[in-house]
Amino acid sequence: MSYFDKLRAELEKYLAPEQIEEVHKAYFVAQKAHAGQKRHSGEPYIIHPVAAAIMLAEIRIDYKSIMATLLHDVIEDTEVTKEDLISDFGEEVAELVDGVSKLTQIKFETRAEAQAENFRKMVLAMVRDIRVILVKLVDRLHNMRTLGVLPPEKRRRIALETLEIYAPIANRLGMHTFYTELEDLGFAALHPMRAQVLQEVSGKARGDRQEIMQKIERDLIQALKPVNIPVLFLFGRQKHLYSIYKKMQNKSASFAEIMDVYGFRLITDTVDNCYRILGVVHQVYKPLPERFKDYIAIPKANGYQSLHTTLFGPYGVPIEVQIRTEEMNRVAEHGIAAHWLYKSSGMAADEAHLRARAWIKSLLEMQQSAGSSLEFIENVKIDLFPDEVYVFTPNGDIMELPRRATPVDFAYMVHSDIGNSCVAAKVNRRLTPLSVPLLNGQTVEIITAPAAMPNPAWLNFVVTAKARANIRHYLKSQQFAEAVALGKRLLKKGLEDHGYSFAEIDKDKLQQLLQELNYKNFDQLCQMIGMGNQMAITVAKRLLPMDETEFLSHVSAKSIPLTIKGTEGMILAYAECCRPIPGDSIVGCLQSGRGITVHVATCPTLEQFRNKPEKLVNMRWEDKVEGEFKVDITAEVINQRGVLAKLAIAISDAEANIDNISLGSANPKSDEGRCNTVKFTLTVRDRVHLARVMRRMRANKVVVRLYRSK
Ligand code: MN
């Protein structure tokens, strides 16, 4: 018996003879190409593509996908080329095979990079043809089923990748049967002992419950009889091992609690009957409040539709009931694959398909804004996190977001421009901090300002890959622009310090320098100066039409300080050791790759640069500086109740903000420990403002000493 026979038996159930003949041709080519190759188990290689193809045939996928599955390893592992496949089987099949083939021509530095780059390639192929992922999933599923024969190290790596990427993708596409099997196999490979123990106890727990399950079923069937609705009764989907394990790990429930749930699925013919069954079921047992979910009206992200309710069963056991139509049930099991399952696929199957396409499109956007394939794969992993919340726009449109999503995630979900210019959010008409996670059912309104821009701090709390990718992208381009602007000013100053101007730059020398440093253009040169990777003075020297001695002899009498106005952005940092504020005399310190850090001129940190004057930049504040600046002050106060509150009031009366407070120990030297030191980090506008704040604080009798910390 040929390996093909079992596949043929499955294909005959739904394909036309001509199509089966095509599939057979593909089998023939694959078998010939893999001839002599063996699996790790020692069996002939061809059993792998055939087994994978059978899995797709069982869910009635079209014959071209079956052909591609049979051929899926030939480009990567045999002499057969993509061109051969095009001429033998046409573009469609060849593209599917190419989509799942790894890049073999390119050498990657690390395995992670190779994985990321291959994943990126597959996603791009998925965008063109969604069936690529079906082929990839059955390939992976068969490899997982036969994982046992691999060396432990390789086994773990493949299992981890399956749990992190492929199982969640199957879930995202609603392919529940593939998803649960991939997860359980991955779990068993990664934690064999834990999987075995859980397997045993959950099997036992199920056995113990037969009787009560039967009683519940009898009660429900009895109640449904008089209403005369066609209903198919199924024991609830059992939680698969890995989901039990995850729940226990999140400490959201103990094993007993997880297992102590009795699940039923009721399948009927129409949506209307779903709601009628719900009504009947709620009369038999009382529903638990707030546990009812209408996924028919609001389907899940992967297109899943069903009514969910939880009831108080006999002896107080909770009963989870899912009610849905046959078609919804097919989508629940097979997700996007339901599209091919029966030719007369209806609304629900099409909906699952549309949603899958929308998701893949968002992957494409994500890949376009990601800086590297490694960043891309990280973003995809975040995006695959399954739980979601549903919130409303002010117009009443429903938006779906992952759990713990914030108003910033919401803003980016609406549009990246809204995200980039968002300044505040109203949740249920109340102003809410941008970092507070959204909850189901809230109405979210984003307030934007035209000049606003993304805040780097948002990266600490956003959860969607879209928000993360957009913020990073914006900051990167912003930082580039800021670095170029600062670099130009530094270069200009470098020239002016020696009595020259931009106009005197020698064009040929500029070209020569760019070539030598391998920079694309003048902007990039300025960017490198702004980032502190090139010295303005050295560059200035090279750009003027004269030699070094001539240049140096020109040192002008006074060096003109670089002015700062507080709007320079990320490229300019204020040193935390001395925290300069407008009014202080200041010095800039060039830091390779990080732009300029501004110190107070008397800051001890600057000592270490005494021998490297080229690292220091003479600076001064613009007359009108924008923004608020952090400053540290120390207060020695008498130890009594309410001291902090008094000081806090004084500070806010003077219109300053407290950024941080730290309490020091009692000071033994002063007044036998009656005094405490308190360190404040405040934000103020300038020295005048700070003086006013300190005056207010001193007005309190509890303050013994007050000074700016150094
Ligand atoms: Mn394979």
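The values are calculated or read from the model by the stated rules, or taken from the named source; none is laboratory data. Keep in mind that this is a model prediction, so the values were computed, not measured. FYI the Cβ positions are ideal-geometry reconstructions off the backbone, even for glycines, and counts take in every protein chain you see. Remember, those area values only see protein heavy atoms, side chains included, never the ligands or the DNA or RNA. Shrake-Rupley method; radii C 1.70, N 1.55, O 1.52, S 1.80 Å.
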*Name every residue in the stretch 83-125 that is modelled with pLDDT of 90 or more, away from the ligand (no atom under 16 Å from the Cβ), farther than 19 Å from Val138 by Cα and surrounded by 18 or more Cβ atoms within 10 Å (Cβ to Cβ), in order of residue number.*
Phe89
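The rows are residues; the columns are (1) within 16 Å of the ligand (Cβ to nearest atom); (2) modelled with pLDDT of 95 or more.
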residue: Ser2; (1), (2): no, no
residue: Glu10; (1), (2): no, no
residue: Tyr14; (1), (2): no, no
residue: Gly36; (1), (2): no, no
residue: Pro44; (1), (2): yes, no
residue: Glu58; (1), (2): no, no
residue: Ala68; (1), (2): yes, yes
residue: Thr81; (1), (2): no, no
*May I ask you to list the residues in the stretch 286-299 that are open to solvent by 60 Å² or more (accessible area, probe 1.4 Å) and either over 20 Å from Glu326 (Cα atoms) or in contact (Cβ under 8 Å) with a residue 40 or more places away in the chain (or both)?*
Lys286, Pro289, Glu290, Arg291, Phe292
*Exactly one condition in (1) part of a loop (DSSP other than H, G, I, E, B); (2) open to solvent by 10 Å² or more (accessible area, probe 1.4 Å) is not met by His72; state its number.*
(2)
*Which residues, taken from the stretch 46-56, are within 12 Å of the ligand (Cβ to nearest atom) and β-branched (Val, Ile, Thr)?*
Ile46, Ile47, Val50
*Hey, can you tell me all the residues within the stretch 302-314 that are at pLDDT below 90 and either surrounded by fewer than 19 Cβ atoms within 10 Å (Cβ to Cβ) or at positive phi (or both)?*
Gly303, Phe312, Pro314
*Any idea which of (1) over 27 Å from Gln115 (Cβ atoms); (2) in contact with a helix residue (DSSP H, G or I) (Cβ under 6 Å, 6 or more places away or on another chain); (3) open to solvent by 30 Å² or more (accessible area, probe 1.4 Å) is the one Met413 doesn't satisfy?*
(2)
*Here are Val23, Val29: which of them is more than 28 Å from Glu181 (Cα to Cα), away from the ligand (no atom under 14 Å from the Cβ) and open to solvent by less than 50 Å² (accessible area, probe 1.4 Å)?*
Val29
*Could you please find all residues in the stretch 630-645 being in contact with a helix residue (DSSP H, G or I) (Cβ under 9 Å, 6 or more places away or on another chain), touching a residue at least 40 places away in the same chain (Cβ under 8 Å) and either open to solvent by 10 Å² or more (accessible area, probe 1.4 Å) or on the phi > 0 side of the Ramachandran plot (or both)?*
Ile638
*Name, by its number, the condition in (1) modelled with pLDDT of 85 or more; (2) in contact with a Leu (Cβ under 7 Å, 6 or more places away or on another chain) that does not hold for Thr270.*
(2)
_Cβ-Cβ under 7 Å pairs, at least 6 apart or on other chains, the stretch 211-228 side in contact (Cβ under 8 Å) with a residue 12 or more places away in the chain, far side surrounded by fewer than 10 Cβ atoms within 10 Å (Cβ to Cβ) and hydroxyl-bearing (Ser, Thr, Tyr)_ = none
*asked:* Just checking, does the stretch 129-138 include any residue being over 23 Å from Gln31 (Cβ atoms), more than 16 Å from the ligand (Cβ to nearest atom) and open to solvent by 50 Å² or more (accessible area, probe 1.4 Å)?
replied: no
*Within the stretch 419-438, is even one residue assigned to a helix (DSSP H, G or I) and open to solvent by 40 Å² or more (accessible area, probe 1.4 Å)?*
no
